[in-house]
Amino acid sequence: MTAARYEARDGLGWIVIDNPPVNAASHAVRAGLAEAIGKAKADPAASAVVLACAGRTFVAGADIREFGKPIAPPSLPDILDAIEGLDKPVVAAIHGTALGGGFEIALACHARVLSKDASVGLPEVKLGIIPGAGGTQRLPRLVGVPAAIGMAATGRMVGAAEALKLGVADAVAEEDVLADAARLAKKLADMPPRRTRDLPVPPFDPAAADAATVAATGKARGQIAPKIAADMIRLTATTTFDDGISQERAAFLKLVTSDQAKAMRHAFFAEREVARVPRLEGVKPRTTERVAVIGAGTMGAGISVAVAAAGIPVAVVEMNEAAAEAGRARVAGLFDRMAKSGRLSPAQHAAAVAAHSIGVDFEAAVGAADVVIEAVFEDIEIKKALFRRIAPVAKAGATLATNTSYLDVDAIAAVTGRAEDVIGLHFFSPANIMKLVEVIEGAKSDPSAVATGVALGKRIGKIPVVCRVCDGFVGNRILGAYRAAQDILLENGGTPEGMDRALEAFGFAMGPYAVSDLAGLDIGFARRKSLAPTRDPKRRDGGTTLDRLAQMGRFGQKTGRGFYRYVEGKRVVDPEVTALIEEVAREQGVTRKPVDDDLVVRATRAVMANEGAKILAEGIVPRALDIDVVYLQGYGYPVWRGGPMFEADRVGLKQILADMREVSALAGPGFEPAALLVELAESGGAFASWTKRN
Ligand code: 3H9
């Protein structure tokens, strides 16, 4: 099999790319294309050419796995020059997704026909780079500068109908894209090819281009590529095509080896790798045809909507008719919003609504389900009581899942008499939108039950990360550790606004104190109260300020006061809070000294990596990439830093260890460097190459 082949048929030359799974433009594809183009050129039987792809999609881009290595010729830009330079018309027949270098191939063709469900786009910025094969120079010549910025600087994909409207598609095929492309190729055969490079750039309003740039860069705070993509597109108005191409190429080559691009490539592959858990290799998931969700509160409603949206019948159970009615309204609201935002097409919306039901018949719903997901109040006794009821009713071989963010899945499993069927599924709120789900493997969970959690997660469009039982699992355990360190720094001399500023500059959308105010200080207060009896009194945890604020009724945004005061929706520094922090510090015998932004960032980064190292050493997850995905998908960690463990490797573990020792000196017991961090730092190792062999 060749990755690209040429054949003559019916008076046309056909170039077919065939490189499963997504026809990435690897070296083999480029070499095959070079040969096929030569044949098309020389073939007297071909008056025009159709370029199409085998398999499930048009070319989905350059082969990302080749990035960062020397580029073996022929390069994609050279291939595109050869296509565009042919003196026979070349028509791209696009099905699936034409992305990045794939879309650039299509842009270098002389016309484009899309199947009606196809989409096109330049997602390079999502990998920390810009298009490197003419995308920034050809696209604006077809759609205009502002629209090109709106696509290439955001990575937004456009569907066939919009592509037609924008002028990037010449036609949309209702039925058979190959037949329509062949028809168009024959029609164009007698005409000189329309080369995108020769088209004039349509006149545009600079204010519209500025607005498109601001919108794109505003959404991608901290990222360098979107602005560069916009600048390259703007160049088309002032320079020649050839000059634009060489500037684009230089910028692409510089970006592709940047730290941001490395981090975003890591994120891309890690998100796909997480679901392949080494110890579950070859384990078959159990059949899942029906799901029951217990509880129609915020989490239960969100989870059940995600399940129904994937077309899986789901029955939600509530305690009484009034609660069921409230649940119905909640679910209808979620479905409505998903339809309005375009997440569900009208047909998908109708199917999802039909797949969803809420009632009070516990036995019927639980008894019919292959997977039961409990989503009631986060209280171990309530959950245990419920699992005692579920266990005898659920059918043999059903998977029983508890949706919990902290609780001990093994303790819950222990009351069922069928612990092998029990797993945890930690969804994130809003559960119908957030992609992360931690799949918790209990000590006695059967591998097939865990694999069922993973498979269900994937079916409902989530990114499942399998972890073993510990307090807070991966995400909340690390959160607990670094938040405690931050709270101690706050007492030691920090201010909420200073620490928020430092971490927002690091790349978090919101700093920790702004987040606390948004989530509600009552939540943290309640959890701290429940943990109080087991807390080591010798350990500082910095939570006293939060406790006092909560006791004062300052619950955050919802009460207009928390770590900040809220005036017309805006955060304002509150001298009362400053005084309170100083008072707490005095009580604890702490002499406050200014905490600079650099220390806040170094401490946060070190504690995240340190707790991550403990999680790895304990075998909670097998790979550092699992932790990175949890943080990228569930906790707003900046994607251009690749996740906390990738970031630690980038900084270097020697430095992280030195920072951790500094934190330990400032924060005291509980913040000692983890043995694995010490081991790796001292041996020159990295988290990326460390794997727990279990
Ligand atoms: C670019 O083009 C730069 C140019 O401008 C300049 C050149 C000079 N390369 O996502 P899936 C793998 S930058 C290598 O699970 P889906 C993927 O890792 C590129 N491998 O399927 C996975 O492997 P595995 C611009 C790739 O159906 C398998 O294919 N393009 C590539 O859910 C299936 O992928 C993009 O950024 C690739 N380009 O989604 C598009 N793409 O089975 C990136 C995928 O071992 N790709 N793989 O885990 C996507 O967005 C999605 O893969 C796509 C399919 C929507 C196409």
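Quick notes
- For the range 460-487, the tally of residues that are outside any loop (DSSP other than H, G, I, E, B), under 19 Å from residue 671 (Cβ atoms) and of a type in the set (D, E, K, R) stands at 3.
- Filtering the range 603-638 to residues that are β-branched (Val, Ile, Thr) and touching a Lys or Arg at 6+ places or on another chain (Cβ under 8 Å) leaves 615, 620, 621.
- Lone qualifier among 437, 469, 422 - being surrounded by fewer than 24 Cβ atoms within 10 Å (Cβ to Cβ), touching a residue at least 12 places away in the same chain (Cβ under 8 Å) and touching a helix residue (DSSP H, G or I) at 6+ places or on another chain (Cβ under 8 Å): 469
- Qualifying residue in the range 289-302 (condition: modelled with pLDDT of 95 or more, closer than 18 Å to residue 461 by Cα and among the charged types (D, E, K, R)): yes
- Residue satisfying condition, being buried (at least 16 other Cβ atoms within 10 Å of the Cβ) and without any contact (Cβ under 8 Å) to a residue 40 or more places away in the chain, within set 331, 353: 331
- The residues listed here are 163, 173, 181; of these, the one that is touching a strand residue (DSSP E or B) at 6+ places or on another chain (Cβ under 6 Å), closer than 23 Å to residue 130 by Cβ and modelled with pLDDT of 95 or more is 163.
- Test set (1) of a type outside the set (A, V, I, L, M); (2) part of a helix (DSSP H, G or I); (3) under 33 Å from the mean Cα position of the chain (by Cα) - residue 578 fails condition number: (3)
- In the range 152-177, the residues that are more than 26 Å from residue 213 (Cβ to Cβ) reach residues that are open to solvent by 10 Å² or more (accessible area, probe 1.4 Å) and of a type in the set (Gly, Ala, Ser) with C-beta atoms within less than 6 angstrom, at least six apart or across chains, in these pairs: 173/115; 177/115.
So that you can scan it fast, the table gives a plain yes or no per residue for (1) open to solvent by less than 60 Å² (accessible area, probe 1.4 Å); (2) among the hydrophobic types (A, V, I, L, M, F, W, C):
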| residue | (1), (2) |
| --- | --- |
| 283 | yes, yes |
| 292 | yes, yes |
| 313 | yes, no |
| 341 | no, no |
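- Checking each residue in the range 488-515 for being assigned to a helix (DSSP H, G or I), closer than 12 Å to residue 563 by Cβ and open to solvent by 20 Å² or more (accessible area, probe 1.4 Å) picks out 497, 515.
- For residue 173, the requirement of being open to solvent by less than 10 Å² (accessible area, probe 1.4 Å) and within 16 Å of the ligand (Cβ to nearest atom) is not met.
- Of 127, 122, all but one fail to be in the same structural domain as residue 240 (by TED's automatic domain parsing), open to solvent by less than 10 Å² (accessible area, probe 1.4 Å), among the aliphatic types (A, V, I, L, M) and in contact (Cβ under 8 Å) with a residue 12 or more places away in the chain; the exception is 122.
- From the list 52, 42, 31, the lone residue that is within 16 Å of the ligand (Cβ to nearest atom), modelled with pLDDT of 95 or more, small (Gly, Ala, Ser) and at negative phi is 31.
- Contact map, the range 668-680: residues that are open to solvent by 10 Å² or more (accessible area, probe 1.4 Å) paired with residues that are of a type in the set (Asp, Glu) and at pLDDT 95 or above, Cβ distance under 7 Å, separation 6+ or inter-chain. No pairs are found.
One line per residue, one yes/no per condition, for (1) assigned to a helix (DSSP H, G or I); (2) within 8 Å of the ligand (Cβ to nearest atom); (3) open to solvent by less than 10 Å² (accessible area, probe 1.4 Å); (4) in contact (Cβ under 8 Å) with a residue 60 or more places away in the chain:
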position: 58; (1), (2), (3), (4): no, no, yes, yes
position: 69; (1), (2), (3), (4): no, no, no, no
position: 72; (1), (2), (3), (4): no, no, no, no
position: 78; (1), (2), (3), (4): yes, no, no, no
position: 91; (1), (2), (3), (4): no, no, yes, yes
position: 105; (1), (2), (3), (4): yes, no, yes, yes
position: 139; (1), (2), (3), (4): yes, no, yes, yes
position: 146; (1), (2), (3), (4): yes, no, no, yes
position: 149; (1), (2), (3), (4): yes, no, yes, yes
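- Scanning the range 641-654 for residues that are more than 17 Å from residue 631 (Cβ to Cβ) and surrounded by 15 or more Cβ atoms within 10 Å (Cβ to Cβ) returns a single hit, 653.
- Counting only residues that are away from the ligand (no atom under 11 Å from the Cβ), surrounded by 15 or more Cβ atoms within 10 Å (Cβ to Cβ) and in contact (Cβ under 8 Å) with a residue 60 or more places away in the chain, the range 242-258 holds 4 of them.
- Helices (runs of 4 or more DSSP H) completely within the range 246-340 that count 2 or more residues being β-branched (Val, Ile, Thr): 298-309
The values are calculated or read from the model by the stated rules, or taken from the named source; none is laboratory data. Bear in mind the structure is a predicted one, so any value in this text is a computation, not a measurement. Positions of Cβ are backbone-derived with ideal geometry, glycine not excepted, and every protein chain shown enters the neighbour counts. Protein only, heavy atoms only, side chains kept; ligands, DNA and RNA dropped before computing areas. Shrake-Rupley method; radii C 1.70, N 1.55, O 1.52, S 1.80 Å.
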